[in-house]
Amino acid sequence: MRYAVLVTGPAGAGKSTFSTAFATHLRVSKRTAHIVNLDPAATGDAFEYQPAIDIRELVTLDDVMGEMNMGPNGGLVYCFEYLLQNMDWLEEELGGFDDDYLIIDCPGQIELYTHHPFLPQLVRNLQRMSIRICAVYLLESQFMEDRYKFFSGVLSAMSAMVNLEVPWINIMSKMDLISGSSSDTFEPRNGKRGKRDIARYLDPDPMLLVAARDGRDQQRDNSRFHDLNRAIVQLIEDHPLVSFLPLDLTSTDSLETVVSHIDFTMQYGEDEEPKEPHDLDEGDFTDME
């Protein structure tokens, strides 16, 4: 059985960094892991490990933009259309991997997850190849600075979940930039928050949207914003699909927790047949049988 993890999320969420850390953790655990790059705009130094499969060998964003006179967004859409038209290339590239863990690093263009059918079509093709799939969606902790920005991230995660229809884990990345202790001597980039406040973001509390407003919010507050916020609160309460696992890549325990959830979501190893032990005596005692 082959396993694949789609690493998704907006640009800057830390997808490539997580993919590298994930692969390193699996290799240290004596498990076979390979990175698959599906970002045609990735730079050469984006990965610590050379990707085992790289879409840039098929098509690159720079070539498309230069030859087709497209912008970056249209060019990325064209690249995925081209990939789907050449799925035989991907199937051939994947053919050499058996019982392996494939970490698929996806682009940061959010429309690919929420609007276009490309990734759902890709998922169906991978499932046809008997690859068991789950997806992780990374949202960086900076979104906790502004509750309105945070809930836009929650809704984008919800939209992507519904669009892809695969087992799904949401991850709040870069938690090392958040402090939950008032005794810390440094000021984290994304501010200090109590554990209770952080929990309201990891398991999104829709009442954050109707909490007491600061001076900046009062200036833009009107009945339209109030009605919109109330509708969003109702949507999240009616469909509580999104919660986040905190990820701090400076903590081995944090990464291990995320990996364990991914394994459980994909039911990793449950269909594996017991492996025959090696013949330790190399036939020296065959006459004793």
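Taking other residues whose beta carbon is less than 12 angstrom from the beta carbon of Ser16, and scoring Lys, Arg as +1 and Asp, Glu as -1, yields -3.
A cut-off under 10 angstrom between Cβ atoms defines the neighbours of Cys79, and their net charge, with Lys, Arg +1 and Asp, Glu -1, is -2.
Close amide H contacts of Ile35 (hydrogens built in the peptide plane, cut-off under 5 Å, sequence separation of 5 or more or a different chain): Ala52, Ile103. The solvent-accessible area of Lys174, taken with every protein chain present and a 1.4 Å probe, is close to 60 Å². Summed over the residues of the stretch 1-96 and divided among them, the accessible surface reaches 46 Å² per residue at a probe radius of 1.4 Å. Database remark: amide H of Ser243 closer than 5 angstrom to the amide H of Asn170 (H placed geometrically; neighbours at sequence offset of 5 or more, or on other chains; Pro and chain starts carry no H).
Label-to-label distance, His239 versus Leu58, with points set 7 angstrom from Cα along the beta-carbon direction: 3.0 nm.
The values are calculated or read from the model by the stated rules, or taken from the named source; none is laboratory data. Just so it is clear, the structure is predicted and the values come from calculations on it, not from any experiment. When we count neighbours, we look across all protein chains shown, and the Cβ atoms used for this are built from the backbone with ideal geometry, even at glycine. The protein model used for the area step is the full one, side chains on, heavy atoms only, and it has no ligands, DNA or RNA in it. Shrake-Rupley method; radii C 1.70, N 1.55, O 1.52, S 1.80 Å.
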